[in-house]
Structures are given as structure tokens and as C-alpha cells.
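To keep things clear, I will list the structure first and then write my remarks on it.
Read-outs: derived from the displayed coordinates by stated rules, not from any lab. The structure displayed is predicted, hence computed values, not measured ones. No Cβ is skipped: glycine too gets one built from the backbone with ideal geometry, and neighbour counts run over all protein chains shown.
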Amino acid sequence: MGWAGVGSGVWMFLRFAVGGVLVGLVLGFIFSQVIRFYDDYPFEIAVSALLFFGSYFIAEHLHVSGVIAVVAGGFVFGDYGGK
């Protein structure tokens, strides 16, 4: 496909990666806001597990990277949720 194939591949990669980051950032922020109001360790563990599984499945449903969504969600959840 030549240069058109390269451009198409780069576009697909960026859409896949950036989409995963966006899903992870949004869900990580939402879940970190949820645990701000609770100081219950088992509940925080359950919410974090729900975040990780949920972000993976939502990202895969949207045809973006589930693994990148989990990593981005974990970073946001750990940063905002830790405070």
C-alpha cells in the first residue's frame, strides 16, 4: 500500500493508544472521586478491582487498547485516590 498504508497504520495505532488513555483517564478520575467519600479499605480494593476490569472491558468494547486503559486508570486512581 505504500505511504498510504504507513499513514493508515500510524493513524490506527494512535487511535488505539490515545483512545485507551482517554478511557483510562476518565474512568480513573470517576472512580477516584467515588472513593474520596469512603475510608473503608475493603471497599477501596473492590472499587479498584472494578475499575481495572471495567476499564479493560469498556476499552475493548470501544475497540481501543484495554491494557493502556488499565494502566492510565491505575495511574489516575492512585494519584487522585491516594490524596
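The C-alpha atoms of the chain define a longest principal axis, and helix 66-82 lies at about 30 degrees to it. Of the options (i) 5.8; (ii) 5.4; (iii) 5.0, only one is mean projected area of the Cα convex hull in nm² as computed from these coordinates, and that is (ii). The phi-based Karplus calculation (6.51 cos²θ - 1.76 cosθ + 1.60; θ = phi - 60°) puts the 3J(HN,Hα) values of the stretch 10-23 at 5, 4, 5, 4, 5, 4, 5, 6, 5, x, x, 5, 5, 4 Hz, whole numbers, x for Gly and Pro. Seen against the Cα atoms of the chain and their longest principal axis, helix 41-61 is set at about 20 degrees.
Of the residues Pro42, Gly78, Val21, the one whose Cα sits farthest towards the positive end of the charge dipole of the chain is Val21 (charges of +1 on Lys and Arg Cβ, -1 on Asp and Glu Cβ, taken about the Cα centre). The modelled label-to-label distance for the pair Glu60/Ala4, using points 7 Å beyond Cα in the direction of Cβ, is 3.3 nm. Applying 1/(1 + (r/R0)^6) with R0 = 30 Å to the Cβ-Cβ distance of Arg15 and Phe53, what FRET efficiency is obtained, to the nearest 0.05? FRET efficiency, Arg15 to Phe53: 0.85. Excluding the site residues themselves, the longest part of the chain lacking any chymotrypsin sites (Phe, Trp or Tyr not before Pro) in a DSSP loop with at most 10 other Cβ atoms within 10 Å is 39-83. Only Lys, Arg, Asp and Glu carry charge here, each on its Cβ (+1 for the first two, -1 for the last two); on that basis the chain has a dipole of about 260 debye about its Cα centre. Using a cutoff of 8 angstrom between alpha carbon atoms and counting only pairs six or more residues apart, the relative contact order for the chain works out to 43 percent.
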